[in-house]
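What follows is a single structure, written as structure tokens, with notes after it.
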Amino acid sequence: MTDRAYEIKLDIFEGPLDLLLYLIRKNEVDIYDIPIALITKQYMEYINVMKSLNLDLAGEYLVLAATLTHIKSRMLLPPSEDEEEEEAVDPREELVRQLLEYKTFKEAALGLGRMTILGRDVFSRDHAFEEEIEGNGRPLMEIGIFELVEAFRRISIDTGRHDIMEIDIEKISLSDRINDIVDELEKRGELTFADLLGEMDSRRRLIYTFLAVLELMKLRIIKAYQAVPYGTIRIRLAG
Amino acid sequence: MDNLKAVIEALVFVSDAPVTVAVIERILEDVSKKEISSALDDLMREYEVRSGGIFLKEVAGGYQFRTGEALTTWVLRLKGQKPMDLSPAAMETLAVVAYRQPVMKSEIERVRGVDVSGILRGLLEKNLVRIMGRKNVPGRPIIYGTTRKFLETFGLKALSDLPTLREFKELEG
């Protein structure tokens, strides 16, 4: 095989196990009885090509290279006395198990890809009018930190706040913000996430408010809800 | 309710996310779940028989109108979008999460043999994967699972609707 052929193949591997599966298929050998010397040799050739091409070689490829070399050396050695007693374990066993498991999921991934996928094969109505219709009987679902972080990211981008040359006159403490939020919730019952962050004029205040919300959620003092993904986030006191 | 089917059809039509029988029941008040389900079945059959540009489908625990297959080109042209595309690495990661959930990152990495941090973040952003919580072991690792959006995207009624790993194998031949 020429270097050119390697080059074409390289970026289609999803990792070292994928490369190994490819070599097993290419050589038409039995996955349960891998000719370890041959496969190791070819695997190393691929690794060396990757290195010579200065490709960013993921560490995982080297780990598997070491594993292969280790298995190869164990295959060459006569089984130790210990092993003979407990019916010598095939040094390839663990690797085969790992390969079969990976193969199963690789097939499952291809299978998922063949399904009818929304946004690729079929389409539903646009999700653009979410805000208007979301109150319409759809139950609110409690959401977690991740959705909040995502919403925070969107709000801080949306409002296009610039944090250049910000002079920090205002002294804000986290516990003050926590108390403010709880007070406000006791008064109004419910606040939207945008209500809370929208009024913020400085980035520092924005961040402190967000941290206060996270802290309150962690302490289970407040809960956040959403009717639809990316919809309005509503904050209420827990309990 | 004599126009039950029409009412339900309208409710599903105006909704973007799949509408559940429970939501319809709450809106209609005096109609039983059984009547609603049977009206939805009738509607699905009618669209199937008509075999036009849209179909009523049962997905992610609810009902949703979807375009027929093989109309992709035209719809995408209207929307000016590229089709939804997941890389093979993302698909493999998603498959491990779907079949092994609740699953830790280390477990996904063990199966795939590569680091999955970036890919997992991408799937979280696409809302196909979610954080289910933390496992009660030292280090409190995060555990991941799939979302409702995952079911919606792959046209599954529920997780139990996923083909078994064996079924995929058989298809592969």
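The values are calculated or read from the model by the stated rules, or taken from the named source; none is laboratory data. Keep in mind it's a predicted model, so treat the numbers as computed, not measured. Because the Cβ atoms are built from the backbone with ideal geometry, glycine has one as well, and the counts that use them run over all protein chains shown. The accessibility values were calculated without ligands, DNA or RNA, using every heavy atom of the protein model including side chains. Shrake-Rupley method; radii C 1.70, N 1.55, O 1.52, S 1.80 Å.
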Output the direction-averaged projected area (hull surface divided by four) of the convex hull of the alpha-carbon atoms of chain B, in nm².
-> 13.6 nm²
Give me a single rounded figure for B:91-100: the average over its residues of other chain Cβ atoms within 10 Å of their Cβ.
-> 5
So, with +1 on the Cβ of K and R and -1 on the Cβ of D and E, and no other charges, what is the size of the charge dipole of the range B:4-77 about its Cα centre, to the nearest 20 debye?
-> 240 debye
In the range B:4-77, what percent of the accessible surface is made up of carbon and sulfur (1.4 Å probe, ligands and nucleic acids excluded)?
-> 56 percent
For chain B, calculated [θ]222 nm from helices alone, where every DSSP H run of n ≥ 4 adds -39500 (n - 2.57) = -15000 deg cm²/dmol
Rounded to the nearest 100 Å², what is the sum over both chains of accessible area buried where A meets B, with a probe of 1.4 Å?
-> 4400 Å²
Residue among A:Leu140, A:Thr67, A:Ala109 farthest towards the positive dipole end of the protein assembly as shown, charges placed on Cβ | A:Leu140
For the range B:131-139, just list the computed ³J(HN,Hα) in residue order, Karplus coefficients 6.51, -1.76 and 1.60, θ = phi - 60°, integers in Hz, with x standing in for Gly and Pro.
-> 7, 8, x, 10, 7, 7, 10, x, x
Would you mind checking the range B:7-21 for residues with the amide N under 14 Å from a putative spin-label position 7 Å along Cα→C-beta of B:Val75?
-> B:16-18
If ligands, DNA and RNA are left out, what is the accessible area of B:Lys157 with a 1.4 Å probe, given in Å² to the nearest 10?
-> 100 Å²
What fraction, in whole percent, of alpha-carbon pairs in the range B:4-77 exceed 17 Å separation?
-> 43 percent
Relative to the longest principal Cα axis of chain B, at what angle does helix B:88-100 sit, 0 to 90 degrees, rounded to 10?
-> 80 degrees
Taking only the alpha-carbon atoms of the protein assembly as shown, the convex hull volume per residue, in cubic angstrom, is 236 Å³
So, with a 1.4 angstrom probe, what is the percent of accessible area on the range B:88-172 that is carbon and sulfur?
-> 52 percent
Could you do me a favour and compute the accessible area per residue for the protein assembly as shown, 1.4 Å probe, result in Å²?
-> 56 Å²
What pairs in B:Lys5/B:Lys79; A:Lys106/B:Lys57; B:Lys149/B:Lys169; A:Lys26/A:Lys72 have C-alpha atoms more than 22 Å from each other?
-> B:Lys5/B:Lys79; A:Lys106/B:Lys57; B:Lys149/B:Lys169
